[in-house]
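Below is one structure; the comments refer to it alone.
What follows is calculated from the coordinates using simple rules that are stated; it is not laboratory data. Everything numeric in this text was worked out from a predicted model, so none of it was measured. Every residue, glycine as well, gets a Cβ built from its backbone with ideal geometry; the counts of neighbours run over all protein chains shown.
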Amino acid sequence: MAKSRICELVGIRYPIIQAPMNWVSGAGLAAAVSNAGGLGTLGPNAGADSITADVELTGERLREQIKKVKSLTRAPFAVNVPIGVGDAMKYSKKCVEVVIEEAVPVVITSVGGPNVYTKTLQSAGIKVFHAVSTPKHAKKSEAVGVDAVVCEGFEAGGHKGFTELTTMVLTPMVADAVKIPVITGGGICDGRGVLAALALGADAVYLGTRFMVTQESESHQNVKEAIVRAEDVCTVSVPKDFMLARDLSNTFTREYLEMRRSGTSAEALSVFLADHSQYPGQHLGDADNAEICCGQVAGLIGDVPAAAEVINDIIKNLFSVLEEVKQKLADFQCR
Ligand SMILES: Cc1cc2nc3c(=O)[nH]c(=O)nc-3n(C[C@H](O)[C@H](O)[C@H](O)COP(=O)(O)O)c2cc1C
């Protein structure tokens, strides 16, 4: 029987990938998703309880999380390595050493060029997915030899480039541009979204915010409750120096955007961002005065299920949504 290209590539049951989320996606969430047949992913600060600038400690914290995932599941999982530029690359170099030593099955590289670590990781037997935000970037990643590309639309939670292509537009553009498997994310939380993504040409889906609001996620309970309470227009696009973030609209985003409008210096803005980062938000639970990255889809989320329930509901609903679509197609031509 033919299988989804992504399932075949990494040996998973469903082409549903839990997207990396900095402080939020630790070993418990990654393992729960992988045990339920998807692909769980460790985020950069997975399982950490403090901010560190220490390179060795960054690597050892990652190693500890990888070992923890291995103790919780025998299924494949992924690790996100944000590549970075200049001096910041010392962190990604360390993390690449660790994922190779720990023989991690899949690495999702982001925030940097696809040529930096792909060959090194692949020579160690690791599959590489690279995150892109344009079809041009997807083509370049394919030329470098990545195993699959991940594209994230403008509605997605977290940080991305300045391109504002939505999932609806970006997915078919990327699917047309490359022959390798395409994973798409941004705005997907249920069977309807997954079916739409497949129709747009994706091989697999990439869900962040939906998995952030699950029992196993390390997001603080205050944050999960804030997302459950959030109404339709609940996120805002927040410009920073080198990227855009999509965040929950709160006192932090209002103050920060007002500071930008009123011409506050770059230095003062960067101090403000550091003081109101995802750490006090996601980790300490200040859902109002700190940065809470989340996607527009937050307005569609109204519960805090187990990660496996998210996957089971999607699979269950996917086929009933498909039946509804088939009926709509049968009724499509009126005369
Ligand atoms: C709280 C949060 C933290 C994130 N941190 C990262 C990260 O560390 N690395 C990364 O590549 N993407 C990160 N992202 C982006 C996600 O991996 C993914 O692209 C996005 O959540 C998909 O859109 P959705 O939130 O609409 O599902 C983050 C997203 C969220 C919501």
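Here is how the numbers come out for the structure above:
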item: Kyte-Doolittle at least -0.5, axis length at least 30 Å by Cα - qualifying DSSP helices, the chain; result: 307-330
item: Rounded to the nearest 20 debye, dipole of the chain from Cβ charges on Lys, Arg, Asp, Glu; result: 1160
item: Percentage relative contact order, the chain, counting C-alpha pairs under 8 Å, at least six apart; result: 17
item: Trypsin sites (Lys or Arg not before Pro) restricted to DSSP loop in the range 152-242 with at most 10 other C-beta within 10 Å; result: K179
item: Sequence-distant aspartates and glutamates (8 or more away, or on other chains) whose Cα lies within less than 12 Å of K316; result: D190
item: Anchor K68: aspartates and glutamates whose Cα lies under 19 Å away (excluding residues fewer than 8 positions away in-chain); result: D49, E56, E60, E97, E101, E102, E216, E218
item: Relative contact order for the range 12-52, counting Cα pairs under 8 Å that sit 6 or more residues apart, in percent; result: 48
item: Too-long pairs where the Cα-Cα distance tops 22 Å, listed order kept, from K127/K179; K70/K139; K3/K127; K93/K119; K3/K140; result: K70/K139; K3/K140
item: Farthest toward positive dipole pole in the chain [+1 Lys/Arg, -1 Asp/Glu at C-beta], among M168, T209, G158; result: M168
item: Dipole of the range 178-335 [Lys/Arg +1, Asp/Glu -1 at C-beta], most positive-end residue of G285, P239, G187; result: G187
item: Value of relative contact order over the range 223-283, rounded to a whole percent, pairs C-alpha under 8 Å and six or more apart; result: 24
item: Within the chain, percent of DSSP bridges classed antiparallel, to nearest 5; result: 25
